[in-house]
Every structure is written in structure tokens, then in C-alpha cells.
Amino acid sequence: MAGNTASWEDYHIDLERKDAALLWPDDFVIRFYKSELRKIGARRVLEIGCGAGRHVYFFRLMGLDVVGTDVAHSAIDFTRRRLEKEGLVDGVELRVADATQIPYSDDSFDGVLAWRFLHVLSPARAQECVDQIFRLLKPGGKVLLGTRSPRSTNYELIRAGKGVDVNFDYRSGQLSERAVQDTYFSRKELASLFSRFEGVEIEHMEWTRNNETFRAAYWAVTAVKPHYVCQCRSGE
Amino acid sequence: MTTFYDQLYARKVKLWPSEEVVAFVESNRSRLIGGKVLDIGCGAGRHTIYMARRGIDAYGVDQSPVAIDYGRRWAEQEGLRAEFDAKDFQELPYPDESFVGAVAWESLFFGSTASVRRGIQEVFRVLKPGAVFFLLLKSKDDFRFHCFPRLDLHCAESEQGIPVTCFTREEIESDFLRRVSNLNIETSNHSLENGRKTVANFIVSGQKKS
């Protein structure tokens, strides 16, 4: 895992050389805020894997208290500098933390965002991360999680034995597709990761680049932590 | 009479720009700063305002006077210079070859086959030779094309009775290739309702031939 962390460090150092104006929130995350978080009157949210902080920034602008975590120091530094520049540091906590070890107590957050990083974890660590989200959410709290789908070009390349496309870069400073260690879940496998949640909805999104020669494809899972948890599941 | 669009924008929601449009604007910014840029079907003006903030001479056009009013007030509040005009995209109120760039995001598919084709003609009329464009067109893979009554081969009557005109990739190529250099057609799809429906778009970009 140490190698992975090192490459994410480089990634955010690269990014800081580019224009921060490009770090715009994802359309799907904006929709999650408007149709889910705002609806439940969310006040405190967590973003795991906040990267360069585009959603920490967005949530803070929307008036929420925000905790952002990332495995890379450079990501947290970048996010902090950006928030300072915008005068938005109050009400934001930033921490370096592994996605499966978030140092906050149970039932702490109204919403959790884990956007497009789950695929860099092994299947076992991905389950740990989802269990962590369950623990951290208040009952009735909502999660939005994004992870790569098998329709990604990267998946086809890996299956064809061509390895990951390490040199691929979006135009204009968007997140690079620097593949690290990819895990691809089917819809069914993803639903099973979220079996303790209710209201699980799984959407798929994909878009192409370079005249349809490259396809990025992701699942987006929204789910709710139930108010009452049955303690006798294992006997089902 | 208030239209569907008037009601929509009467809710006064300040919309965030789409990250796709932001990426287009940023990657072409040096070129766009040299002249006027048109936002077709600008609605409340989220992309017009974004471009104005980034120092671009931005023009927004939309058929809804309520949306246009909203955009004007928004620009005024932010102390930005941006022009807004309440006009249908079938008759853009600008002389030929006025713009160095044009964006049409989630707009240039609302209408009959004839009116969308006319709208695309209008885009090319008002662009200068060499100008860049970034248009979202609706794909025939979209659920609206399959779930709603067809008005003709290309058009379905969607929610609120609004016609939606759809394309295949080949249809876009045959229409655009003769007047465009560096034609780029990308798909951008996402599902709704737990995977039951698919929203399917083409993002078409390139440069008007000189």
C-alpha cells in the first residue's frame, strides 16, 4: 500500500500546479446534496478521500460543517490552502486518514460522501470502508459512494492483459485516471457490500474521451442507515 | 401566459455550472477571451455567469423571459458584465459570424426535429470561421425516445408535452462533418431510478470550418 500512497502524493502535487478554478464539484454530488442531504436537513457531513477538496469546498459553501479525510498529506494540504484562500476554513476539519480507519465516533454524520476511490481498495478493504461509513452515519443519515464499473476501458485493458493505462490524463486538469489497484464490482456485488443499509439505489454513469476511444464508467450508490437495526441477522 | 420554463426559473435556484462546460471553457479560455461567446438556452445563466466570472465576454440567450430576467439580476448582483436576450434558438438575435465560441448545454434538443435542425443551423450562422463550440445533443438511446410517444422518426413528446429531438452518432457526423474541423463526439450517459432508465447524450465539439 505504501506505493499507492506515494503516487497519490505525486498526484496532488501535480494538481496544485494547475488552476484551482478547475476543481469543480461533480454534477452527481450536487444532485445528492440538493435531493438528499438538503431534504433531511443535514448539518454535518464527511467526505472520505476528499482529494483536492472540490466537494469539501462545495459543502462548506452550502453552509454545512464538513470533515474531509484523505490518505495523502498533499491532498489535505492542497484542500487546506484552497479553503484558506477562499476564506472558508471555519467549520471544516481536515485529516490524513486511511479510508477504513476514520477517527470519529459512531453516529457522527448526517451524510457521508465517498466519491470514486473505492476501486483502489481490495474487496476486503472496500467492505471495511463501507462498514466504517455505516458506523459513522447517524440513523437516517445518507451516503453517496462512487466506484468504477466494469464498463470502464481500464477494466477491458486489464482483462486483455494490457495492464492499467498509467499515462492517461483528462484534458484541462480534470482528475487523472492514474490507475492504482483496481477492484471492479458488479451491481450485485455492490448491493451486497451495502446489505446493512436500506433504500439502496445504484445508478450507472459513463462518458467517453478522445472520440469514444476511452470510456470512464462508474457506479453511484445512495443508501440510508436504518433507524432500527435487527441484531439477529446472522440467524436469518 | 407562463410557460414551463418560467415556472422552473421562478424557483430562483442558483444552479452550479456543469463540470463538463467548465472544462471546455478552461481548456479554450485563451481563445474565448478574444471575442464574444454565446450560451444557447442559457436558462438562469449558470454558464453565462461562469464565463463572465472568468473574464469572457459572455452572451446568454433563452426563450424564457423569466430566466433571462433572473440571469440579468444575477450578473448585476455579482457586478459582472454579461448580455442576456430572450429569444428562441431558432432565431438567434445576432448577426452572422459574431462569436468565437458557443455552448449549448441541456438545451439544444428541446423542440421538434425541424426546430432543433434550425437551431443547429443558427449556431453555425452566428459563429465566426474557426470558432469553437460545445453542444449537448440528445441520443436515440435516451429513455425519452423509447418511453414517450414519437412525433416523427427523430422526436418524442416528453414530459410536460415538450418535444425532444434525438440523434444517432452517424446522424450527427453526416450533419456536422461538412462544416466542422476537429469534430469530436463523445457519449455521456447515466441511469435514473435505480438503473431502470438511461439518460443518453452526445457531447459534440469542434471548430467551424474556415
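Okay, here's what the table says:
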quantity: Inter-site label distance for B:Asn182 and A:Ser122 at 7 Å from Cα along Cβ, in nm; calculated: 4.6
quantity: Burial ordering of B:Cys42, B:Cys155, fewest other beta-carbon atoms within 10 Å first; calculated: B:Cys155, B:Cys42
quantity: Whether the protein assembly as shown is rounded, prolate or oblate, judged on the alpha carbon gyration tensor where a/c under 1.5 counts as rounded; calculated: prolate
quantity: Over 32 Å between alpha carbons, listed pairs A:Lys138/B:Lys138; A:Lys34/B:Lys138; A:Lys34/B:Lys208; A:Lys142/B:Lys140; A:Lys85/A:Lys142; B:Lys138/B:Lys208; calculated: A:Lys138/B:Lys138; A:Lys34/B:Lys208; A:Lys142/B:Lys140
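Values quoted throughout were computed directly from the atomic coordinates according to the rules given, and no laboratory measurement underlies them. Remember, it's a predicted structure, so these values are computed and weren't measured experimentally. Note: ideal-geometry Cβ built from the backbone for every residue, glycine included; neighbour counts use all protein chains shown.
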